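Novice: One structure coming up, written as structure tokens, with questions to follow.
Bear in mind that the values in this text are calculations on the coordinates, not laboratory data. Values in this document were obtained by computation on a predicted structure and should not be read as measured data. Quick reminder, even Gly has a Cβ in these numbers, built from the backbone with ideal geometry, and neighbours come from all protein chains shown.
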Amino acid sequence: MDLSKLKPAEGATKKEKRIGRGQGSGRGGTSTKGHKGQKAQAGYNHKRGFEGGQTTLTRRLPKFGFTNPTRVEYKGINLDAIQTLAEKRKLSEITPEVLYSNGLIAKNDKLKVLGRGEITSALNITAHAFSATAKAAIEAKGGKTETIQTVAEKA
């Protein structure tokens, strides 16, 4: 096989459309842009969402709703997931760092313990927030709950 004789497969390449190279080329004159009009002019460029002067969709739709700037987003972990982890790793202390190292939460997630499932052993759990049912279930089994204060709460 001679490398100098290699060429692309049949139909894999197309010739470039050479516009504006005279009437004989078939693409001269208006150069495939039609007659006059905004898009035929030099330097035409439109903004994203531009609809030819018609009021854009984003301006026709009403504004609604409210975004609370002080909202705190928690990652919820249920008691059954904590119990499974504690049994598998033989843990008695559960902290956000332990959950992060086991892939249950992300590094900067705020942790909220939720009440689905049961705990079978006394666990000391540290989290940013607890639901009332989770707190009651943990303390009923002899465990302890410790709430982590965030920077916003301390100030």
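Novice: Can you give the net charge of the other residues whose Cβ lies under 13 Å from the Cβ of Gly103, counting K and R as +1 and D and E as -1?
Specialist: Details: positive: Lys75, Lys88, Arg89, Lys107; negative: Glu97, Asp109.
Net local charge, Gly103 excluded: +2.
Novice: Just grab the label-to-label distance for Lys5 and Gln23, each label 7 Å out from Cα along the Cβ direction, in nm (one decimal).
Specialist: 4.6
Novice: Then there's this: Quick one: length gained pulling Lys110 to Phe64 fully straight, 0.36 nm per residue minus the C-alpha distance?
Specialist: Extra length from Lys110 to Phe64 when fully extended: 13.7 nm.
Novice: Under 17 Å from the Cα of Lys110, which aspartates and glutamates turn up, not counting those fewer than eight places away in the same chain?
Specialist: Glu73, Glu97, Glu146, Glu153
Novice: While we're on this one: According to the Kirkwood expression over distinct Cα-Cα pairs, how big is the hydrodynamic radius of the chain, in Å?
Specialist: Radius from the Kirkwood sum: 22.8 Å.
Novice: Turning to a different aspect of this structure: Obtain the nm distance between the two label points defined at Lys33 and Glu73 by a simple spin-label model: each point lies 7 Å from its Cα along the Cα-to-C-beta direction.
Specialist: It is 4.5 nm.
Novice: For the chain, what does the relative contact order come out to in percent, with C-alpha contacts under 8 Å and a separation of six or more?
Specialist: It rounds to 14 percent for the chain.
Novice: Could you order peptides 25-32, 81-88 by the average number of other Cβ atoms within 10 Å of their residues, highest first?
Specialist: Ranking, from highest mean packing down: 81-88, 25-32.
Novice: Under the rule of -39500 (n - 2.57) per DSSP H run of 4 or more residues, summed and divided by the residues of the chain, what mean residue ellipticity at 222 nm is obtained, to the nearest 500 deg cm²/dmol?
Specialist: -5500 deg cm²/dmol
Novice: Report, to two decimal places, the Cα Rg of the range 36-113 normalised by 2.2 N^0.38 Å (N = number of residues).
Specialist: 2.25
Novice: About the Cα centre, and with charges only on the beta carbon of Lys, Arg (+1) and Asp, Glu (-1), how big is the dipole of the range 4-155? Nearest 20 debye, please.
Specialist: Dipole magnitude for the range 4-155 comes out near 1820 debye.
Novice: Multiply the residue gap between Leu91 and Glu51 by 0.36 nm, knock off their C-alpha separation, and tell me the result in nm, one decimal place.
Specialist: So the extension gain works out to 8.3 nm.
Novice: Given a cut-off of 21 Å, name the pairs among Lys17/Lys39; Lys39/Lys63; Lys90/Lys141; Lys15/Lys47; Lys75/Lys107 whose C-alpha atoms lie farther apart than that in the structure shown.
Specialist: Flagged as over cut-off: Lys39/Lys63; Lys15/Lys47.
Novice: Let me ask something additional. Per 5 Å bin from zero, what fraction in whole % of the C-alpha pairs of the range 74-154 is there, up to the bin with the longest pair?
Specialist: Whole-percent P(r) values from 0 Å outward: 3, 16, 30, 28, 15, 5, 2, 0.
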